[in-house]
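S.K.: The following block contains the structure, expressed as structure tokens.
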Amino acid sequence: MRLELRDGIDVAGAAAAYARDGHVRVQPFLTEAAAIAALAEMKRREDWVQVVNSGDKVFELSRATRAAMNAAQRDGLEQAVLAGARTGFQYRYEALRLPDGDAPLAAGDGGIAAWPAFLSGGVVRDLLRAITGVDDISFADGQATAYAPGDFLTGHDDAVPGKHRRAAYVFSLNPVWRVEWGGLLLFHDGDARVRGVAPAFNSLDLFAVPQMHSVSMVTGSVPNRRYSITGWLRAKP
């Protein structure tokens, strides 16, 4: 699979929207063939790990580990996750770690493993700098994510000292998605107001950091996982 930017992106229009709203969706972002191949790889992979936090601690559970848990263990984990979400920062979803865009790819790495490097150089990095208006973007990091029923990410603003995050992104790979299925990227505007976007296919959402946002819980009626690649556009220290 070869990642390839599609032709004809309206950079000026996207830059104007980003400057106005602190967020813009570019769709389509890749060529159709590249987006289809990326989704196929994500569906094919079996090395996903479920990522769950407990305060500042992060736990990673393979699919085999979760399959081996008994009912009491699964229920205990579920209750702990829900309790954490009541008053604090909490998340649960599956992930595949991808090498940072400024790191060399291992022999044989390709496909979605090359995504951060794809964003980090040449024409693509120039485009991202132009849209965000941030000239010191140097590289991207990233992870593939898959949200199953019950998965979510509570509100946070991505501001972490020392990370030099200039913008965040969500590359969405969901050919069919209903708003009612949840998994919405929501921006918290204060005074109980939110605005957001539903998962889509071959769409890149860029948004400024810091900015309070969350991902709403995926409902039990969804027929498939919510697939995306997420991360940050970062400057060098």
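The values are calculated or read from the model by the stated rules, or taken from the named source; none is laboratory data. As the structure is a computational prediction, the values presented were derived from the model and not from experiment. Cβ placement follows ideal geometry from the backbone for every residue including glycine, while neighbour counts extend to all protein chains displayed.
Conditions (1) under 20 Å from the mean Cα position of the chain (by Cα); (2) within 16 Å of SER228 (Cα to Cα), marked per residue:
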{"residue": "GLY13", "(1), (2)": "no, no"}
{"residue": "ALA16", "(1), (2)": "no, no"}
{"residue": "GLN27", "(1), (2)": "yes, yes"}
{"residue": "ALA37", "(1), (2)": "yes, yes"}
{"residue": "ASN53", "(1), (2)": "yes, no"}
{"residue": "VAL58", "(1), (2)": "yes, no"}
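S.K.: Count, please, the residues in segment 138-161 that happen to be among the polar types (S, T, N, Q), under 14 Å from LEU119 (Cβ atoms) and within 13 Å of the chain's Cα centre (by Cα).
M.R.: Residues in segment 138-161 being among the polar types (S, T, N, Q), under 14 Å from LEU119 (Cβ atoms) and within 13 Å of the chain's Cα centre (by Cα): 1 in total.
S.K.: Condition first: surrounded by fewer than 19 Cβ atoms within 10 Å (Cβ to Cβ) and either part of a strand (DSSP E or B) or at pLDDT below 95 (or both). Now tell me which residues in segment 188-207 satisfy that.
M.R.: HIS188, ASP189, GLY190, ASP191, ALA192, ARG193, VAL194, ARG195, GLY196, VAL197, PHE201
S.K.: Which numbered condition trips up ASP191, out of (1) over 15 Å from the mean Cα position of the chain (by Cα); (2) touching a residue at least 12 places away in the same chain (Cβ under 8 Å)?
M.R.: Failing condition for ASP191: (2).
S.K.: I've got another one for you. Any residue at all in segment 117-138 that's in a loop (DSSP other than H, G, I, E, B), closer than 30 Å to LEU82 by Cβ and among the acidic types (Asp, Glu)?
M.R.: No: segment 117-138 contains no residue that is in a loop (DSSP other than H, G, I, E, B), closer than 30 Å to LEU82 by Cβ and among the acidic types (Asp, Glu).
S.K.: Scanning segment 125-170 for residues that are β-branched (Val, Ile, Thr) and under 26 Å from GLY183 (Cβ atoms), which turns out modelled with the lowest pLDDT?
M.R.: Restricting to residues being β-branched (Val, Ile, Thr) and under 26 Å from GLY183 (Cβ atoms), the top hit is VAL160.
S.K.: Within segment 120-169, work out how many residues are closer than 22 Å to PRO28 by Cβ, aliphatic (A, V, I, L, M) and in contact with a Pro (Cβ under 9 Å, 6 or more places away or on another chain).
M.R.: Within segment 120-169, residues that are closer than 22 Å to PRO28 by Cβ, aliphatic (A, V, I, L, M) and in contact with a Pro (Cβ under 9 Å, 6 or more places away or on another chain) number 1.
S.K.: Considering GLY142, GLY182, which residue is under 23 Å from GLU32 (Cβ atoms) and either of a type in the set (Asp, Glu) or buried (at least 16 other Cβ atoms within 10 Å of the Cβ) (or both)?
M.R.: Sole residue among the options that is under 23 Å from GLU32 (Cβ atoms) and either of a type in the set (Asp, Glu) or buried (at least 16 other Cβ atoms within 10 Å of the Cβ) (or both): GLY142.
S.K.: Got at least one residue in segment 116-129 being hydroxyl-bearing (Ser, Thr, Tyr), surrounded by 16 or more Cβ atoms within 10 Å (Cβ to Cβ), within 14 Å of the chain's Cα centre (by Cα) and on the phi < 0 side of the Ramachandran plot?
M.R.: No, there is no match, as no residue in segment 116-129 is hydroxyl-bearing (Ser, Thr, Tyr), surrounded by 16 or more Cβ atoms within 10 Å (Cβ to Cβ), within 14 Å of the chain's Cα centre (by Cα) and on the phi < 0 side of the Ramachandran plot.
S.K.: With respect to PRO237, determine if the residue is crowded, with 21+ Cβ neighbours inside 10 Å and either in contact with a Gly (Cβ under 8 Å, 6 or more places away or on another chain) or not acidic (Asp, Glu) (or both).
M.R.: Here the answer is no, as PRO237 does not meet what is asked.
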